[in-house]
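Here is the structure we will look at, set down as structure tokens.
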Amino acid sequence: MKILVIEDELKTREYLKQGLSEQGYVVDTAADGIDGLHLAANIGYDVIILDIMLPGMDGISLLKSLRPSVKTPVIMLTAKDALNSRLEAFNCGADDYLIKPFSFLELLARLQVITQRGRSKEETNIYIGDLHIDLLARRVTRGKRRIDLTAKEFALLEVLARRRAQIVSKTVITELVWDICFDTNTNVVEATIKRLRAKLDQDGEPKLLHTIRGMGYVLELRS
Ligand code: CA
């Protein structure tokens, strides 16, 4: 799940980036409306969190420029007394709003509602051999063995599992699991694959995570 946070207040921006990353979301940030619009229009996000009062271009104008071509759900952040801008936000196609200061738990709840809305028909449980991934509870088991994953390992597993039996390239993985500031020259993808594989495929178990040399990775049970 990829989220764009457009917010000029450094503290709020970093707080959201850290909090959402800990929940396993991949988070890009923009500090003004111009950068925000550029990212929102060119990169496929699952949700955009958009402040209304922004330098460069305000949140309402940004939303007007996005709609109707970009349909990504948008949660607006509004000041307490800005009732008019809240109404305007809904008229321009905002999906939800939060009044500042807001609780992080409430934001998470709204995010869950919005992302469920979009993916109601998407699977919430994936089974590959004896591997079971519960995408909602974010729980992974293999047979009776519980597998504890970090947020990044889980995000990587989810990307591979949703495309199971297909080869997923390092470029696609990088784009879906890491944020835009990610340095592609590092071997972080390989290192994360290695850690994930060590947790998934233990001695004596059929291997599920395969490397296809020069192409990428595939998650499948091979007979
Ligand atoms: Ca602001």
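The values are calculated or read from the model by the stated rules, or taken from the named source; none is laboratory data. Bear in mind that the values here come from a model prediction, so they are computed numbers and not experimental data. Cβ atoms come from the backbone with ideal geometry, glycine included; neighbour counts cover every protein chain shown. Heads up: the accessible areas ignore ligands, DNA and RNA and are worked out on the full protein's heavy atoms, side chains in. Shrake-Rupley method; radii C 1.70, N 1.55, O 1.52, S 1.80 Å.
Label separation (Arg195 vs Arg139): 2.3 nm, computed from points 7 Å beyond Cα along the C-beta direction. A run of the chain free of exposed loop cleavage sites, with chymotrypsin sites (Phe, Trp or Tyr not before Pro) counted only in DSSP states other than H, G, I, E and B and at most 16 other beta carbons within 10 Å, reaches its longest extent at 1-101.
If R0 is 25 Å, what FRET efficiency do you get for Asn185 and Asp35 from their C-beta distance, rounded to 0.05?
On the way: r = 23 Å, r/R0 = 0.94.
Given R0 = 25 Å and the Cβ-Cβ separation, E is 0.60.
Considering helices alone, the calculated mean residue ellipticity of the chain at 222 nm is -12000 deg cm²/dmol, with DSSP H runs of length four and up weighted by -39500 (n - 2.57) and normalised per residue. Accessible surface of region 12-161, 1.4 Å probe: 53 percent of it comes from carbon and sulfur atoms. Taking Cα centre as origin and charging only the Cβ of basic (Lys, Arg, +1) and acidic (Asp, Glu, -1) residues, the dipole magnitude of region 135-195 rounds to 580 debye.
Heavy atoms of the protein chains alone define the surface here; on that basis the chain has 53 Å² accessible area per residue at 1.4 Å probe size. Between Glu123 and Val172, the simple label model (points 7 Å from Cα in the Cβ direction) yields a spacing of 1.5 nm. Computed on the Cα atoms alone, the convex hull of region 56-114 gives a volume of 86 cubic angstrom per residue. Length, then width, then depth: along the principal axes, the Cα atoms of the chain run 63, 34, 31 Å. Roughly what % antiparallel, to the nearest 5, for the DSSP beta bridges in the chain? So the antiparallel bridges in the chain amount to around 50 percent.
Rounded, prolate or oblate: which fits region 125-219 when a ≥ b ≥ c are the square roots of the eigenvalues of the alpha-carbon gyration tensor, with rounded for a/c under 1.5 and prolate only if a/b beats b/c? Since a/c reaches 1.5 and a/b is larger than b/c, the shape of region 125-219 is classed as prolate.
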